[in-house]
Structures are given as structure tokens and as C-alpha cells.
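> Handing you this structure, nothing more for now.
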Amino acid sequence: MECSICLETYVHPVRLPCKHIFCFLCVKGISQLYKRCAICRRSIPDNYFENPVLIETVDKSEDGLPENCAQWFYEGKNGWWLYDKRAIEEIEEAFKSGSSKCQLLIAGFLYIIDFVKMIQYRKDEPHRQRKIKRDELKATVSKGVAGLKMDQSKSKAQSGKII
């Protein structure tokens, strides 16, 4: 099953009210620009991303990462957010190769991950920066995964209705 936006296997798939399914970050990025489903063009409700309809549970530990893969976080409001599994694998590969920077497509925008300054920024808005960090011990408490809020007492998504 592939997302119609990124053309890759779904990462945190969500179902829109029109019943189309996309990666959470893919549809979030498209909706910032168009506010419509990428397939049928029906409007996406303004509050949809406060309580998205998740197709599967989201584990904040990002189980399924390779054993030698550290977790990567970006700083958001009131805490740290875990990147999704696909982003973590790309960031970790670039980091381990000794690169000083890498580029990552997130929610339809190209981001620069700067390992020297330990920041991320959108390529078209370099003045808007967020701190990033790498955690080999996997001990960082996160607010959620890739913009999906988590219940801090559990490892499954609090925000979002799981179907």
C-alpha cells in the first residue's frame, strides 16, 4: 500500500473524511497549501489534524528501527518530537556517513538537517530553525511522533481515532 502523494509505503497512515488514505505528514503538507484531498479535491476540515483518523497505532519508540540506529528528535513547542521511522533512517544514514548536512522531504517541504549546528530548517526559509538531537540510549521523552501527539503514560497515539 503506497501513499498517493509520496509514492512510498505509508508512514502513519490516516483516512480523510472522504475516505482517501495518505501518510499523515504528506496530507498535512498538502493541506497547508490546498486544504483539499489530493485525489478527490474535497475540503479537509480545518480541525482534522487535531484528531486525525489513524489507520494503525503509532508507537513513540518507533519500534522497527534497526538495532544500531539512534533516535532523532526535533524541538517543538514544549518539548522534543521524534522524527518518523523513515526520516530517522535517512538522517542516521547521512550522520553515520560523516556528512555535515542532509536534505529531507517532510510534509511536502525540503528540509536541511545540519549535523554541525544540530538544527533543521526549511530550505526556502533558512531563518526558521529548530534544534535537533540524536539519542543513542533512546531515553528522551517525546511529545509524539512526526506531529502526532502522544499520551505520555502510554506508547500509543492519544491524538487521533484509530480504526
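> Out of G29, G98, G108, any idea which swings most in a Gaussian network model of the chain, alpha carbons joined below 10 Å?
The residue with the greatest mean-square fluctuation here is G98.
> Place +1 on the Cβ of every Lys and Arg and -1 on the Cβ of every Asp and Glu in the chain, take the dipole about the Cα centre, and give the residue among I55, G29, T140 whose Cα lies farthest towards its positive end.
Towards the positive end, the residue furthest out is G29.
> Give me the number: length gained by fully extending S4 to R41, i.e. 0.36 nm times residue separation minus the C-alpha to C-alpha distance, one decimal in nm.
Details: separation 37, 0.36 × 37 = 13.32 nm, distance 1.32 nm.
Extending this stretch completely gives an extra 12.0 nm.
> On to the next question. Which one, A38, I119, Q103, is farthest towards the positive end of the dipole of the chain when Lys and Arg carry +1 and Asp and Glu -1 on their Cβ?
A38
> A follow-up question, please. Using only helices, what value at 222 nm comes out for the chain when you add -39,500 (n - 2.57) per DSSP H run of length 4 or more and divide by the total residues, to the nearest 500 deg cm²/dmol? List each step's numbers first, then the result.
Details: 2 runs with 22 residues, N = 163.
Mean residue ellipticity at 222 nm (helix-derived): -4000 deg cm²/dmol.
> Using only Cα atoms, find the angle between the long axis of helix 24-33 and the longest principal axis of the chain, and express it within 0 to 90 degrees, rounded to the nearest 10.
Approximately 70 degrees, to the nearest 10.
> Got the relative contact order for the range 1-117 handy, in percent, Cα pairs under 8 Å and 6 or more residues apart? Can you show the working numbers first?
On the way: 150 pairs, mean separation 24.1, N = 117.
Result for the range 1-117 is 21 percent.
> Using a cut-off of 15 Å between alpha-carbon atoms, which aspartates and glutamates can reach K149, once sequence neighbours fewer than 8 places away in the same chain are excluded?
Qualifying aspartates and glutamates at Cα under 15 Å: E50, E56, D59, E62, E75, D84.
> A further question on this structure: Can you compute the label reach from D124? Point 7 Å from Cα along the Cβ direction, backbone N cut-off under 20 Å, restricted to the range 14-41.
Those under the cut-off are 25-39.
> Next question, about the same structure. Given [x] 233; [y] 121; [z] 154 as candidate values of volume of the Cα convex hull per residue in Å³, which corresponds to the one derived from the coordinates?
[y]
> Let me ask something else about it. Can you give the angle from 0 to 90° between the axis of helix 85-96 and the longest principal axis of the chain, with both taken from C-alpha atoms, to the nearest 10?
Around 20 degrees separate the two axes.
> Of the accessible area of the chain, with the probe set at 1.4 angstrom, what percent is carbon plus sulfur?
Numbers: 4550 of 9390 Å².
The computed percentage sits at 48.
> If the limit is 19 Å between Cα atoms, which of K85/K143; K123/K143; K28/K133; K101/K133; K96/K123 go over it? Intermediate values should be presented prior to the final figure.
On the way: K85/K143 16 Å; K123/K143 25 Å; K28/K133 24 Å; K101/K133 14 Å; K96/K123 22 Å.
Cα-Cα > 19 Å for K123/K143; K28/K133; K96/K123; rest within.
> Under a point-charge model restricted to the Cβ atoms of Lys and Arg (+1) and Asp and Glu (-1), what is the dipole moment magnitude of the range 4-121 relative to its Cα centre, in debye to the nearest 20?
Numbers: 14 positive and 15 negative charges, 147 e Å.
Computed charge dipole of the range 4-121: roughly 700 debye.
The values are calculated or read from the model by the stated rules, or taken from the named source; none is laboratory data. Owing to the predicted nature of the structure, the values given are computational and were not obtained by experimental measurement. Using ideal geometry, Cβ is built from the backbone for each residue, glycine included, and neighbour counts are taken over all protein chains shown. Accessible surface is based on the protein model in full, side chains and every heavy atom, while ligands, DNA and RNA are left aside. Shrake-Rupley method; radii C 1.70, N 1.55, O 1.52, S 1.80 Å.
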